[in-house]
Amino acid sequence: MSSRLPLRSSLALAGLRIVNRASRTLGMGQGTVAGGRVALRIDPQLVRRMSARRRIVLVSGTNGKTTTTALVVAALGGATTNATGSNMSAGIVAALASDQQSLTVLEVDEAFLATVAEATQPEVVVLLNLSRDQLDRAAEVRVLAEKWRTTLHNTSATIVANCADPLVVYAAIAQMDSKVVWCDVGSSWNLDAKSCPQCTEPLDPDGAWRCECGFAKPIPDYVLDETLRGSDISVDLHVALPGGFNRSNAALAVVAASLLGTPLELAAQRVSTIREVAGRFTLRQRDGQVFRLMLAKNPAGVSALIGLVAGGSDVVVSINDLIADGTDPSWLYDAPFDRLRGSTVWCTGERALDLATRLEYDDVTARVVTVEDIAGRVSGSGPVDVIANYTAFAAWLESTSPC
């Protein structure tokens, strides 16, 4: 990375650090986004300049970005990264300014992939999945797939793509085949890929999917089953994070790290040590009750987490509707809450009443309660699972303490 920046860039970085320090001091945020916005107003080319001479990995998708980014960093043995999850341009420039390591792994909001890829010229791009998310802010998922397709057609990066997701394949197949590493790591959600993204005819996205138009699941370079298997190698892949979806994330992270020179087996060993990411899956306590915190913000994310919590006598679901969450909570009606029948779901957050109404339609027992009263209402001595969207999750982290 260049050690000398133009005066304008240096002034932008100074402004970034001053604003972010003030933001943290005043308790107005994590001290990443505000300063990044100021810096980009001073020097709109700052991301490009800060990316020069770095080896950059971008990680994007609807779900799993933060976790997979952390797993890539672990697999590489360390890297510059936006660990706070600030994944748009302002957060990314703050991350680049925070560390001078050549290896850099950046989580990128799926709607910003084109902008960030053009500015950073990544060596590797990891594509996880695409599904509906925050439709009041982001485009329909098919529109995003088209944008990704255009972006990837114009990049020289090697793409690590989950070929179990037809929408990811549609985007990545625009690249030359020699620049795509297809990974069959499975998919926990396929309801947004029930029609072919190429011809719009009905498509069964399970297994070795194929459309009559010729659009089909590529032959994978890596397959995740009992082990992670490539053409001439097989490694055990054990993860401490719960859920098959996290094992899929880990597989993509390990493959990405191998493209930057980390032996596959070493990368697999390194990711096995990660037990929580940015508070996700951590055990926290409040008023003597232990909770396991999990984040979900759309139907696909909720579906994956319900697979972990179904069967528990008590489950907490916390939904807010602030800008970071998406102001339209209608997505709740696409999440498979029927799988929580038999549990009591404690509804918290600004949209607790909307959530309780949604659960009523699926004959799920729902109780509206404040976070302040929740500890005295749940039963059992074990940890109670909490599924929360962005700002609700942050509130749970702030209002609880480590176990």
Under 5 Å between amide hydrogens, which residues at least 5 positions from Val125 or on another chain qualify, with H placed 1.01 Å from N in the peptide plane? Leu58, Thr158, Ile159, Val160
Ranked output for segments 247-257, 86-96 by mean other Cβ atoms within 10 Å, highest leading, reads 247-257, 86-96
Relative contact order, percent, the chain [alpha-carbon distance under 8 Å, six or more residues apart]: 13
Hull shadow area, averaged, the chain [alpha-carbon convex hull, nm²]: 19.6
Return the equivalent ellipsoid semi-axes of region 168-230 as a descending list in whole Å, where each equals the square root of 5 times an eigenvalue of the C-alpha gyration tensor. 21, 15, 9
Take each of the peptides 18-24, 125-131, average the number of other beta-carbon atoms within 10 Å over its residues, and list them starting from the highest. 125-131, 18-24
Over region 271-330, what lengths in whole Å, largest first, do the semi-axes of the equivalent ellipsoid take, defined as the square roots of 5 times the eigenvalues of the alpha-carbon gyration tensor? 21, 16, 14
Which whole-number percent gives the relative contact order of region 283-402, counting Cα pairs below 8 Å spaced six or more residues apart? 41
Please figure out what share of the DSSP beta bridges in the chain is antiparallel and state it in percent, rounded to the nearest 5. 25
Could you work out the Kirkwood radius for region 181-339, taking every pair of different alpha carbons, averaging 1/r and inverting it, reported in Å? 18.3
Structure-based [θ]222 nm, the chain - -39500 (n - 2.57) summed over DSSP H runs of at least 4, per residue, nearest 500: -10500 deg cm²/dmol
Give the Cα extents of region 283-402 along the principal axes, in whole Å, largest first. 34, 32, 23
Expressed in nm², what is the orientationally averaged projection area of the convex hull enclosing the Cα positions of region 1-146? 8.7
For region 46-271, report the convex hull volume of the alpha-carbon atoms normalised per residue, in Å³, without decimals. 115
Averaged over all directions, how much area does the convex hull of the C-alpha atoms of region 201-278 cover when projected, in nm²? 6.9
Student exercise, the chain dipole from Lys, Arg, Asp, Glu Cβ charges, in Debye to nearest 20: 1700
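No lab work stands behind these numbers, since they all come straight from the coordinates. Predicted model only: the values in this text are computed from it and were never measured. Here the Cβ is made from the backbone with ideal geometry for all residues, glycine too, and neighbour counts use every protein chain on show.
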